[in-house]
Amino acid sequence: MSSTLALDLIWRRLNRPFNLVHAVPALTGFPAAHVADLVTLHLAVSDEAEALLAGTPRMLRTLASSTTTEIGGSRGDIRGPILWAETLNARANSFGAEDVFVCATPRRDHDISENRALVAALGQVARAGLVLSSESVVHFEPEQVDRIAANAGTARSLLRSPRLAGVTRGRFGTRELHKITIGRRSEEYREAIRMLQRRIEPLRGAELHQLCDHKTIAQHHALVLVMAALQRRGFAVPHFRVVSGELTAGLLCYRNWRHATSSGNHGILVNQVLVDAPDSLTPGSRTRALNDLERRAGGRPFCLVASSEDAEMAVDIALEASSRSRSPAPA
């Protein structure tokens, strides 16, 4: 099994919805303080962002609008339906001038949900330009960084379009997004809609692989092997939840080595059996990992897992330990 596949399998089994700021560090060891910047950078170089920037000029040419009225006074000109009550009041306040009119002037209004969605989507891409100095940038290839910078610049330029000048800018909620997704203009604004939908779950499991070191990758591989071994024995493995920096699912619990407890413990718990994986398959690495695991276990059952056979052994030990704990003490 490839390391990318193991991570993606775990990611897909996270119970949704979940908080990225909690889930990403628990799974990869990545600092929680940098997750928001990581998300912003990934969104700016996503396929959805590329499609949005390519489609925005078309959307600007056919920008949806509504018609609204603007109440205004004029002298000598009639610019729409006359509001007679307001007109008479205005004439009374201008010493009876007969050429004063207050009219309800119709005008085109672009400040509607679809255009607010477009502005919000472009703003998501433009925001990446503000975090290019973030520590998260080191996890992107130079070509990706250049593309992020270019996309952020393009988004800023599009946001300066005079046609978007009167569109409200701010947070765009999921309820309003759902409204335009099922609306009659959804196809015209499909690129903006898809960009905002991507924002709901901005990261993919494979994209997190670059955050993981060799030890974390090995732990993910061991975790998936143990999950498979439990399922072969007929045990249901529910979706993972993030609890106090750990991933938990039934008999399983995973703590990334970068978030070891105060006593130094990390790895996988199968019931009460501590499981970990060697960084590599060399004899020396396996020996070092086994010695370290025995020390961390502190007298508890433990097992090193690097293969399906190892995972079966870990489950055997866990079931045996569980059976002993349930057996009545001798009289």
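See the values below:
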item	result
Top-ranked residue in region 131-148 [being of a type outside the set (Asp, Glu) and exposed (fewer than 15 other Cβ atoms within 10 Å of the Cβ); ranked as nearest to HIS209 (Cα to Cα)]	VAL138
Residue under evaluation ALA64, criteria (1) assigned to a helix (DSSP H, G or I); (2) within 46 Å of the chain's Cα centre (by Cα); (3) modelled with pLDDT under 90, criterion not met	(1)
Subset tally (residues that are within 17 Å of GLU141 (Cβ to Cβ) and touching a residue at least 60 places away in the same chain (Cβ under 8 Å)) for region 42-57	7
Output for region 293-310, where each listed residue is surrounded by 16 or more Cβ atoms within 10 Å (Cβ to Cβ), without any contact (Cβ under 8 Å) to a residue 40 or more places away in the chain and assigned to a helix (DSSP H, G or I)	LEU293, ARG296, ALA297
Any hit, region 35-53, residues being surrounded by fewer than 20 Cβ atoms within 10 Å (Cβ to Cβ) and outside any helix (DSSP H, G or I)	no
Residue in region 218-232 that is outside the structural domain of LEU43 (by TED's automatic domain parsing), assigned to a helix (DSSP H, G or I), among the β-branched types (Val, Ile, Thr) and more than 26 Å from ALA32 (Cα to Cα) present	yes
Condition check for PHE95: farther than 30 Å from SER186 by Cβ and either at pLDDT 85 or above or assigned to a strand (DSSP E or B) (or both)	no
Out of THR87, THR56, sole residue that is in contact with a Leu (Cβ under 7 Å, 6 or more places away or on another chain) and either aromatic (Phe, Trp, Tyr) or assigned to a helix (DSSP H, G or I) (or both)	THR56
Search result, residues across region 176-201 that are surrounded by 17 or more Cβ atoms within 10 Å (Cβ to Cβ) and of a type outside the set (D, E, K, R)	LEU177, ILE180, TYR189, ALA192, ILE193, MET195, LEU196
Of all residues in region 172-203 being outside any helix (DSSP H, G or I) and free of Cβ contacts under 8 Å to residues at least 12 places away in the same chain, the one that is nearest to PRO17 (Cα to Cα)	GLY173
Test: residue in region 129-150 that is within 24 Å of the chain's Cα centre (by Cα) and farther than 28 Å from THR28 by Cα	yes
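The values are calculated or read from the model by the stated rules, or taken from the named source; none is laboratory data. Since this is a predicted model, take the numbers as computed values, not measurements. Backbone-built Cβ (ideal geometry, glycine too); neighbour counts: all protein chains shown.
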